[in-house]
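What follows draws every value from the coordinates through simple rules; no lab data is involved. Everything quoted here is computed from the prediction, not taken from an experiment. Cβ sites come from the backbone with ideal geometry, for glycine too, and all protein chains shown count toward neighbours.
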Amino acid sequence: MNYAFDEFKEGMLIAFQAIRANKMRSVLTTLGIVIGIVSVTLMGTAIEGLNRAFNKSIAAIGADVLYIQKWPWGGGDDWWKFRNRRDIRMQQEKTLERLAETASAVSPTIGASRTVKYGQKYIEGVIVVGTGYNFLEISGANISFGRFFTRTEGDGGRPVCALGSEVAANLFPNENPIGKTVKVGGYAYDVVGVVEKQGSLLGLESLDNRVYLPITRFFQEFSSRWGGISINVKARSVDQLEDTKEEVRGIMRKIRGLSPRQEDDFAINQQEMLVQTFNQIGGVIAAVGLFITGLSLFVGGIGIMNIMFVSVTERTKEIGIRKAIGAPRRTILMQFLLEASVLCLLGGIIGILIAFPLSLIIDQVLPTAMPVSTVLIAIVISLLVGLVSGFLPAYRASRLDPVDALRYE
Amino acid sequence: MSIIIRLAGITKVYQVGDESVHALDGINLSVEKNEYVAIMGPSGSGKSTLMNIVGCLDTPTSGLYELNGTNVSEMNDNQLAKVRNKEIGFVFQTFNLLARSDILHNVELPLIYGGISSSERKHMAREAIARVGLSDRIHHKPNELSGGQRQRVAIARALVTKPSILLADEPTGNLDSKTGNDIMALFDTLHKEGNTIVLVTHEEDIAEHAHREIRLRDGKVERDEPVKNRRIVQASSNVGVA
């Protein structure tokens with residue numbers, strides 16, 4: 001035990017002496033590892049950032065919500081089959097809401113793009129969402145001013161609406177929107193509330209550039225050729241999502257009059273599907289990215305191996321002396337492994353010190369994150385590179401014949 | 001007296017191209033405790049090869065080598081390393097010190113490989129350095145010392161493990177004659193203190209320090225006899241005493 005420690009200490013001493021004795025060479029060799037670690041770390045950081053950004057951006061979909069729609073998310077190859085499916089109708093939503101026992105809330109949604117006007121101000125391309133009174137319960141968003149429309153207003157198709165935060169900010173920069181009347185696609189609606197800021201979905205569609213109004217009103221005023229709706233079903237909890245899914249599936253099959261031999265003619269979408277699709281694509285991007293940047297680390301490792309061979313050759317005589325006074329093979333092996341590892345570890349640490357501020361700069365463009373695990377993995381990898389690329393030279397050194405080694409000049 | 005080294009029928013054959021070169025061709029000899037032996041011979045006589053085998057740096061092609069009653073002729077690399085560490089103290093012509101380490105560390109090194117604890121190691125190393133009279137240079141690097149001092153460090157390193165034999169290969173070959181005499185005086189003293197010394201040399205007057213002279217020729221022992229005109233030297237003097 002004590003011996004192993006002394007041997008290790010001696011090895012470290014030799015490693016640092018050797019590095020100090022060949023400063024320029026050590027710096028250049030280490031540079032290969034530094035570049036490798038910087039690129040791998042930054043790539044890992046970017047991938048991690050991408051994952052985080054994705055998870056954040058799909059949070060609005062809700063992990064405990066099912067979306068019953070005509071089209072499955074993530075597509076599918078059978079476009080015509082989905083196209084020819086029957087639309088999902090309001091009546092089906094009503095029946096489902098009545099029958100689904102494991103759901104905590106069921107709400108229909110439908111959307112269209114319209115211009116929203118208040119006085120002289122107007123915004124084009126606002127997403128008009130026709131939905132039920134309990135929409136917010138399902139989406140998990142909160143109201144920031146006023147209220148959402150009530151059940152009575154919803155069922156009665158009253159001309160009331162809640163504004164997305166972006167719409168509210170643009171139409172009412174200096175006044176309270178509650179109680180004002182806006183024109184949505186030419187029809188008048190009274191503003192009852194403003195929904196808090198939600199950000200965007202997948203970084204594309206803003207969830208705040210919206211107007212929410214009763215779905216029955218929507219059908220009256222924004223054409224019924226948008227007959228197909230989406231039924232949003234919230235489970236009691238994420239754990240019960242699968243149970244709810246099975247129940248909803250059974251009810252929907254019954255409502256739509258499917259015989260047991262027929263397959264579903266509707267899709268039950270959930271956040272998980274997007275996550276899976278993303279993980280597939282993200283996994284490929286990550287693998288390719290890490291492979292390409294890993295190549296630079298590999299080249300760095302070759303540099304270490306090369307310089308270790310030089311080092312062994314240069315110090316053949318020293319190896320001979322050490323062997324003559326009783327150093328076993330293991331000690332010589334360890335000495336050179338340590339030297340390679342120290343070089344690589346230094347490179348790894350310097351690499352991380354460089355990569356960290358760089359990741360902060362990149363963060364301005366793309367959301368990045370450098371978690372502690374990435375740092376630890378980078379250090380372990382650089383250590384492994386040292387051990388792997390140092391092994392062959394160290395092995396050769398340990399096998400040198402003491403007589404030949406002593407005679408070497 | 002107990003036998004330290006016993007060689008029986010030692011041969012060493014090198015393959016040079018298609019030719020077999022018999023560097024050693026049936027060596028038989030024994031060295032007893034506290035003997036002072038000089039091995040002489042012209043170049044190519046096999047004295048370096050014999051030295052390497054006796055020093056466990058190399059193994060014979062055939063024959064038996066017993067060191068302190070243990071058969072070392074068929075040991076593997078790591079076993080030999082252990083024997084070199086515990087039983088043998090080497091002194092080389094070119095000193096063979098580690099240039100980047102100071103004197104203390106150089107002398108300490110065999111003890112590190114021998115697994116001696118740090119405090120004991122330091123103590124033993126300082127003692128050995130004191131023994132060769134370099135206590136004031138303990139933190140110098142080898143290149144800050146003269147040739148004679150370097151060889152003293154090498155002797156301290158050889159002594160520090162209290163080995164069974166001191167093996168010196170042309171220990172004065174790189175030194176001027178005055179410094180060489182000092183080194184030989186040191187060997188003489190070490191012998192008087194009970195060490196067993198085997199030295200390889202081609203210089204007659206160096207060999208005359210020993211008590212027994214073995215001459216090699218063509219890989220065979222040509223002559224093995226006591227030294228008649230023993231040379232006793234005081235440090236920094238050159239007085240031969242019959």
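Quick notes on this structure:
- In whole angstrom, the stretch A:86-265 maps to an equivalent ellipsoid with semi-axes of 31, 17, 14, each derived as √(5λ) from the alpha carbon gyration tensor and ordered largest first.
- Rounded if a/c under 1.5, otherwise prolate or oblate - the stretch B:11-82, Cα gyration tensor axes: oblate
- Charge dipole magnitude, Cβ of K and R +1, D and E -1 - the stretch A:86-265, Cα centre, debye nearest 20: 560 debye
- The fraction of all Cα pairs in the protein assembly as shown landing in successive 20 Å bins from 0 to the largest distance is 15, 29, 17, 14, 15, 9, 1, given as whole percents.
- Each of A:S341, A:S398 was scored by other Cβ atoms within 10 Å of its Cβ. Listed from fewest to most, they are A:S398, A:S341.
- Once C-alpha pairs closer than 8 Å and six or more residues apart are averaged by separation and normalised to the residue number of chain A, the relative contact order reads 29 percent.
- Peptide-level mean, for A:323-336, of C-beta atoms on other protein chains within 10 Å: 6
- Spin-label zone in the stretch A:175-202 - amide nitrogen under 15 Å from a point set 7 Å from the Cα of A:T277 along the C-beta vector: A:201-202
- Candidates per trypsin sites (Lys or Arg not before Pro) in the stretch A:258-365, loop by DSSP, up to 11 other Cβ within 10 Å: A:R261
- Prolate/oblate/rounded label for the stretch A:47-100 (Cα gyration tensor, a/c 1.5): oblate
- Label point distance in nm, A:Y187-A:V299, each placed 7 Å from Cα along Cα→Cβ: 6.3 nm
- Label point at A:R89 placed 7 Å out along Cα→Cβ; residues across the stretch A:228-253 whose backbone nitrogen lies under 16 Å: A:228-231, A:252-253
- The modelled label-to-label distance between A:L358 and A:R249, using points 7 Å beyond Cα along the C-beta direction, is 4.7 nm.
- The stretch A:86-265: antiparallel DSSP beta bridges as a percent of all, rounded to 5: 75 percent
- Taking the DSSP bridge list for the protein assembly as shown and keeping only pairs wholly inside it, about 70 percent are antiparallel.
- Over the stretch A:28-148, equivalent-ellipsoid semi-axes from the Cα gyration tensor in Å: 41, 23, 18
- Filtered GluC sites (Glu not before Pro), the stretch B:73-166: DSSP coil and at most 16 other beta carbons within 10 Å: B:E74
- Environment charge at A:D155 (Cβ cut-off 15 Å; Lys +1, Arg +1, Asp -1, Glu -1): +2
- Mean residue ellipticity, 222 nm, helices only, chain B: the sum of -39500 (n - 2.57) across DSSP H runs of n ≥ 4, divided by residue count and rounded to 500, is -9500 deg cm²/dmol.
- Degrees separating the helix A:241-255 axis from the principal Cα axis of chain A, which is the longest one: 40 degrees
- Entry note, chain A: the mean residue ellipticity at 222 nm calculated from DSSP H runs of n ≥ 4, each adding -39500 (n - 2.57), is -18500 deg cm²/dmol after division by the residues and rounding to the nearest 500.
- Based on C-alpha pairs under 8 angstrom that are at least 6 apart in sequence, the stretch A:86-265 has a relative contact order of 31 percent.
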